[in-house]
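Engineer: Please see the structure below; I have some questions.
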Amino acid sequence: MTAPRVPCPTCGKAVPWTPESPWRPFCSERCRLIDLGEWLEESRRIPAEESLAESDALLDLVAEDWDSAANGGQRPRPH
C-alpha cells in the first residue's frame, strides 16, 4: 500500500505522509522555516471576528487588573 501524499504548504511538492517524513506536511526544514517566518511576520494569520464591544470589554479588564496591581492588589475605593 502506498502512503498518501500531501502537498507541501510552502512549495507544493508532494510529501509522503509517513513517519519517515520528519518535516511533514513540509518537504524540508527550509520550507518549514519559511512558513514559520511568515506566521511570525504576520503575513499569515487566522482571521478573527472580534467585535468592538468584545475588544473594549477586554481592555477594561486589563485596565482594572493594572490598577489593582498598582494599588498593591487592593481595588480602589469608590469616592
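Engineer: Counting only residues that are part of a loop (DSSP other than H, G, I, E, B), among the hydrophobic types (A, V, I, L, M, F, W, C) and in contact with a strand residue (DSSP E or B) (Cβ under 7 Å, 6 or more places away or on another chain), which one in segment 1-25 is modelled with the lowest pLDDT?
Structural biologist: ALA3
Engineer: Within segment 12-27, can you find the residues that are closer than 15 Å to MET1 by Cα and hydrophobic (A, V, I, L, M, F, W, C)?
Structural biologist: Once the filter is applied, which keeps residues that are closer than 15 Å to MET1 by Cα and hydrophobic (A, V, I, L, M, F, W, C), segment 12-27 yields only TRP17.
Engineer: May I ask you to list the residues in segment 20-59 that are polar (S, T, N, Q) and surrounded by fewer than 10 Cβ atoms within 10 Å (Cβ to Cβ)?
Structural biologist: Result: SER43, SER51.
Engineer: Another question, if that's okay. Starting from segment 32-48, keep only residues that are in a helix (DSSP H, G or I), then list their pairs with residues that are polar (S, T, N, Q) whose Cβ atoms are within a distance under 7 Å, requiring at least 6 positions of separation or different chains.
Structural biologist: ILE34/THR10; ASP35/THR10
Engineer: Taking PRO78 as meeting all but one of (1) assigned to a loop (DSSP other than H, G, I, E, B); (2) at pLDDT 75 or above, write down the number of the exception.
Structural biologist: (2)
The values are calculated or read from the model by the stated rules, or taken from the named source; none is laboratory data. Worth saying up front: this structure is predicted, and the values here are computed from it rather than measured. Glycine also receives a Cβ, built like all others from the backbone with ideal geometry; neighbour counts cover every protein chain displayed.
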